[in-house]
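Every read-out reported here was derived from the displayed coordinates using simple, explicitly stated rules and does not represent laboratory data. What you see is a predicted model, and the numbers here were worked out from it, not measured in a lab. Using ideal geometry, Cβ is built from the backbone for each residue, glycine included, and neighbour counts are taken over all protein chains shown.
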Amino acid sequence: MSEEEGIEVKPMGAYGETILKIVLIPVIAALNYVTGAIVTLTRLPAFLDTWATSFGVIVAGLWVGALGGFLYNIIMALTLWGLPAWVWGFINVYIAIITWVFYRAGWVDIKKPVKLIAAGLITGFTNTFACTLVSVVAFGALPTAPSPFMTAVYAWALNATGNMVFASWMSSVAVELYDKTIALYIAAIVASALPKRFILTKSTS
């Protein structure tokens with residue numbers, strides 16, 4: 001028996017943990033989908049559609065978060081973005097991996113805001129290169145989102161340098177730093193609100 005906030009509860013057990021992990025995969029996809037749909041329809045200068053991926057990693061581990069995130073991108077490609085957009089699923093896999101690294105290091109913790117913000121900024125900056133790679137390989141270095149803000153940054157950088165790859169990277173830089181910091185912070189806040197018995201992974205903090 002374990003004790004949480006003065007109330008004795010039974011451990012979840014291996015079977016319960018397995019069920020939770022399986023259920024979480026479509027839940028992660030659904031949470032990201034709602035966020036992604038709102039951002040797409042409102043054309044906000046952000047993505048914010050990786051927070052549930054990071055949340056899934058915190059709660060149930062790397063592969064649960066990665067699978068839920070990838071499933072989200074498949075669904076978006078089939079509904080709002082168009083089939084070629086399924087390749088953005090690899091970005092969610094990357095976000096799952098780097099979230100796992102920072103979480104295991106004890107940085108994804110709302111009680112450590114400086115480390116959490118640093119983790120978000122590093123995640124966003126490194127993700128600019130992953131986004132640019134996908135843009136160049138899959139879409140010919142076109143802007144990575146229909147956001148007017150990103151499109152404007154892309155046009156400015158392209159006009160200034162004549163380099164489509166650099167322009168694509170700059171359009172990502174303009175958004176990714178704050179976007180991934182906010183998304184990681186949301187994931188940490190939501191995870192911290194769950195009873196500890198539902199957090200199946202452990203950090204070093």
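When P(r) over Cα pairs in 10 Å bins from 0, in percent is calculated for this entry, the matching label among (i) 9, 38, 38, 14, 1; (ii) 9, 34, 33, 16, 5, 2, 0; (iii) 9, 29, 21, 14, 13, 9, 4, 1 is (ii). Each residue of the range 91-104 is assigned a 3J(HN,Hα), and the resulting list reads 5, 5, 5, 4, 4, 4, 5, 6, 4, 4, 4, 5, 5, 5 Hz, derived from the Karplus form 6.51 cos²θ - 1.76 cosθ + 1.60 (θ = phi - 60°), x at Gly and Pro.
For the range 156-168, the Karplus equation 6.51 cos²θ - 1.76 cosθ + 1.60, evaluated at θ = phi - 60°, returns couplings of 4, 5, 5, 5, 6, 10, x, 10, 5, 5, 4, 4, 5 Hz by residue, with Gly and Pro reported as x. Net charge dipole, the range 107-205: roughly 580 debye, given to the nearest 20, about the Cα centre with Cβ charges of +1 for Lys and Arg and -1 for Asp and Glu. Considering only 107, 138, 63, the residue lying farthest towards the positive end of the dipole of the range 8-198 is 107, judged by Cα position with unit charges set on Cβ. In the range 8-198, a dipole from Cβ-located charges (positive for Lys and Arg, negative for Asp and Glu) runs towards its positive end, and of 161, 45, 94 it is 94 whose Cα lies farthest in that direction. About its Cα centre, the range 8-198 has a charge dipole of approximately 400 debye under the convention of +1 per Lys or Arg Cβ and -1 per Asp or Glu Cβ, with nothing else charged.
Which number gives the lysine pairs in the chain that have C-alpha atoms under 25 Å apart and are eight or more places apart or on different chains? Taking the Cα cut-off of 25 Å, the pair count is 17. Here is how the number arises for the chain: DSSP H runs of 4 or more residues each give -39500 (n - 2.57), the sum is divided by the residue count, and the result at 222 nm is -23500 deg cm²/dmol.
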